[in-house]
Amino acid sequence: MLCETVYRKENERWNLSRTYVVNRRKAAERLVWAVDVLAVEPTDRLLEIGCGHGVAVSLVCEKLDGGTITAIDRSAKMIEMARKRNADHVDSGVVSFQTASLDQADLGDARFDKIFAINVGLFWRRRPVRELTIVRDHLAPKGLLYLFHEQPPGSTAPPIAASVPAVLENSGFTVTEILTQDLGRTRVGCVIAGDGPP
């Protein structure tokens, strides 16, 4: 059974380096919330689908120590900007970028502890059966998928449409949690799902 909960940030686990604090202040509130929800562990292997300018990648990289993140976006311009923003992390091998949609990305046999997408329309406006199969193929054992969505400012609709958890479950995922957060001007949500039965 699905239940809606409200996520409240608790800082007891974060190691806030100076760089991380600076990046957080420049990042959109929804991205900071999303990375907090990910609860990134230092050795996590992550995949971001639709990385845009690479802001979430920057926030994730500051939490990694031995872990890595692969970020894909179908826009070459976005990938170029994300690479520039994260040049130090690219040079150190913490992050790699690909210009590709999920179904065209060269992920090889990589397995990820956490796969996430923030406001990627593919997951909210269509039935992404092929893409969800790719996600399942690349989740590590006990890995999780995080789908984040933000409603337009002023919208009264819930940030997570009921159809999204149903699509995930019909594709073999088990929805473990649905989170929502009021950010003042807008509300954001996240569906968290694992591969197969709990």
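The values are calculated or read from the model by the stated rules, or taken from the named source; none is laboratory data. What you see is a predicted model; the values in this text were computed from it and never measured. Neighbour counts run over all protein chains shown; Cβ positions are idealised from the backbone, glycine included.
Give me the pairs, please: first residue somewhere in the range 61-90 and under 22 Å from V40 (Cα atoms) and part of a loop (DSSP other than H, G, I, E, B), second residue anywhere and modelled with pLDDT of 95 or more and hydrophobic (A, V, I, L, M, F, W, C), beta-carbon distance under 6 Å, and either six or more positions apart or on two chains.
K63/V40; L64/V94; N86/V57; N86/V95
Go through the residues of the range 140-162 one by one and say whether even a single one is surrounded by 16 or more Cβ atoms within 10 Å (Cβ to Cβ), touching a residue at least 24 places away in the same chain (Cβ under 8 Å) and in a helix (DSSP H, G or I).
no
Any idea which residue in the range 132-160 is modelled with the lowest pLDDT, counting only those that are touching a helix residue (DSSP H, G or I) at 6+ places or on another chain (Cβ under 7 Å) and within 26 Å of V32 (Cβ to Cβ)?
Selected residue: E150.
Listed residues G93, G54, G108; which is touching a Phe, Trp or Tyr at 6+ places or on another chain (Cβ under 8 Å) and on the phi > 0 side of the Ramachandran plot? Show your work before the answer.
Values: G93 fails: touching a Phe, Trp or Tyr at 6+ places or on another chain (Cβ under 8 Å); G108 fails: touching a Phe, Trp or Tyr at 6+ places or on another chain (Cβ under 8 Å).
When all the criteria are applied, what remains is G54.
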